[in-house]
Amino acid sequence: LPGPAAPMKLRDAPSACPSLWRCLPCPPAELRLDLVLSSGQSFRWWESSPGAWTGVLGGRVWTLRQDRDRLWYTVYGEEDEHEEERDGCPAKGTKLDGAETDRILRDYFQLDVGLSALYRKWEAADPLFCKVAKDFPGVRVLRQDPVECLFSFICTSNNHISRITAMIERLCQAFGRRLCCIDTRPFHAFPSLSALTGADAEARLRALGFGYRAKFVSGSARAIAGGLGDEGLRQLRTAPYAEARKVLCALPGVGAKVADCVCLLSLDKAEAVPVDTHVWHIARQRYGVAVGGKSLTPRAYQEIGEGRAGPRHGTSGMVAVSPRAGTHPLSAGDFFRGLWGSRAGWAQAV
């Protein structure tokens, strides 16, 4: 039998194997890779060389780079497709169709949503946003796979981005399908639901350092596999926000915080307004929004779920707002949706 394929070389710029790169028109005002891919929305990208981002998307390994008004990308073949390299380039490129890879990338970054026009709208409506926007152009919300997004955010409780990233990497290495090896670094697909439902899944996750989250990951995987299925989870994209949130909150270990993050980042609920403790205070102090309590307690968070909340800047440690109107005379959730509009959840990411 042939031995394992030799590692491929990282292609960190279009000058490396030009025939294996494609580009999409995309000015920096519409997308800033460095701001979006490091913000805690997704945990599967790393800056593989200055300005180049490598990660796993749709069961393939990609490297992305921006050059003025273009978004460049290259997709690596899987190991079983890999042939001998010549001058650092595979003898043959991947078998993926260029139009299909364009579609995958446009969908992931939601490039059909005109971000510059939204920024102008938010700036006109909100002087505070106007100040922040100058330093953070091109920040948009990713449209992630719901299974990956859900299990990634189950790992975010009481955690920080670098530790979450390491946990997700261990999860993929242990349970995901190996895709390829680039410069000696192995890459794996995100695990399937079935891979996480095994009888020993919880014990293996605990051995990987998941702690109490191990029970939630394996329990939620079994609950989805025995109920909605991954396709049913994806179909929550067409359900009303409140219904999607309710379904998610019924899963083991999924509270309002995780459910709201998943709704915004993978289920097309652009009206969700994620906040954290820092922005809880911003809502009260800078916007003067009357939200109950002096801190973001569990009870106060429940009020957020009823439609009483504030904005945030950044995306790690997210908490989000249901679209239902609150009963307070001044509901912060209603306030910010009224201020920022139907894509208020996008404004908070800036």
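The values are calculated or read from the model by the stated rules, or taken from the named source; none is laboratory data. Quantities reported herein were computed from a predicted structural model and do not represent experimental measurements. Every residue, glycine as well, gets a Cβ built from its backbone with ideal geometry; the counts of neighbours run over all protein chains shown. These area figures cover heavy atoms from the full protein model, side chains too; ligands, DNA and RNA do not enter into them. Shrake-Rupley method; radii C 1.70, N 1.55, O 1.52, S 1.80 Å.
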Original post:
Taking amide hydrogens as modeled 1.01 Å from N in the peptide plane, which residues meet the under 5 Å criterion relative to Leu71, leaving out close sequence neighbours?
Top reply: Leu24, Cys26
Subject >> For the stretch 146-267, accessible area per residue (1.4 Å probe, heavy atoms of protein chains only), Å² >> reply: 40 Å²
Subject >> Burial ranking of peptide ranges 32-41, 113-122, 251-260, 134-143 (average Cβ count within 10 Å, highest at the top) >> reply: 251-260, 32-41, 134-143, 113-122
**OP:** Determine ³J(HN,Hα), in whole Hz, for all residues of the stretch 19-29 in sequence, where each value follows from phi through the Karplus function 6.51 cos²θ - 1.76 cosθ + 1.60 and θ = phi - 60°; x replaces Gly and Pro.
**Re:** 5, 9, 10, 10, 9, 10, x, 6, x, x, 5
Original post:
On average over all directions, what projected area in square nanometres does the stretch 146-267 have, based on the convex hull of its Cα atoms?
Top reply: 7.5 nm²
Original post:
Taking a threshold of 28 Å on the Cα-Cα distance, which of the pairs Lys134/Lys246; Lys9/Lys215; Lys131/Lys269 fall above it?
Top reply: Lys134/Lys246; Lys9/Lys215
Original post:
Where does each of 63-69, 7-13 land if you order them by average Cβ count within 10 Å, highest first?
Top reply: 7-13, 63-69
**OP:** Quick one: pull the percent of accessible area on the stretch 120-186 belonging to carbon and sulfur, 1.4 Å probe, ligands and nucleic acids left out.
**Re:** 54 percent
